[in-house]
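Asker: After the structure tokens below, expect a handful of questions from me.
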Amino acid sequence: MSANMERSARVRKTTGAVASRSRVALSLVWDLTAEFRFWKGRAGVFAGIRNVFNEDYWGEVREEGIMPALPRNYYGGFEFFF
């Protein structure tokens, strides 16, 4: 099991446009991932949670405007190695 902390420059949600020279506020976003391999390392399963604490922040800042980031979301799957 592992935990990843992503610390990057993201703008918190506000109203109105963002000026091109505005500073971007920092946010802490935590992701959690678990992985288990079996069959001599040739197969595995994994699952995770992105944005564990469901932080509200902007994901991208572009000239066209700002894009909100996804709320908490889950993923999982199987892996096979040949």
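Asker: What is the number of the single condition among (1) modelled with pLDDT of 90 or more; (2) of a type in the set (A, V, I, L, M, F, W, C); (3) not in a loop (DSSP other than H, G, I, E, B) that A3 does not meet?
Answerer: Among (1) modelled with pLDDT of 90 or more; (2) of a type in the set (A, V, I, L, M, F, W, C); (3) not in a loop (DSSP other than H, G, I, E, B), the lone unmet condition for A3 is (1).
Asker: Which of the strands (runs of 3 or more DSSP E) found entirely inside segment 12-82 contain at least 1 residues meeting this: acidic (D, E) and at pLDDT 80 or above?
Answerer: Details: elements: 26-38, 43-50, 58-62, 65-68, 73-80.
Qualifying strands (runs of 3 or more DSSP E): 26-38, 58-62, 73-80.
Asker: Can you name the residue in segment 66-82 that is without any contact (Cβ under 8 Å) to a residue 40 or more places away in the chain and small (G, A, S) and is also surrounded by the fewest Cβ atoms within 10 Å (Cβ to Cβ) among such residues?
Answerer: Among those that are without any contact (Cβ under 8 Å) to a residue 40 or more places away in the chain and small (G, A, S), it is G77.
Asker: Which pairs turn up if I take residues in segment 38-65 that are closer than 27 Å to E79 by Cα and look for partners that are of a type in the set (A, V, I, L, M) and modelled with pLDDT of 95 or more with beta carbon separation below 7 Å, at least 6 apart in sequence or on another chain?
Answerer: Close Cβ pairs (under 7 Å, with a partner that is of a type in the set (A, V, I, L, M) and modelled with pLDDT of 95 or more) amount to F46/A34; A47/A34; G48/L32; G48/A34; I49/L32; V52/L32.
The values are calculated or read from the model by the stated rules, or taken from the named source; none is laboratory data. Being a predicted model, the structure only gives us computed values, none of them experimental. FYI the Cβ positions are ideal-geometry reconstructions off the backbone, even for glycines, and counts take in every protein chain you see.
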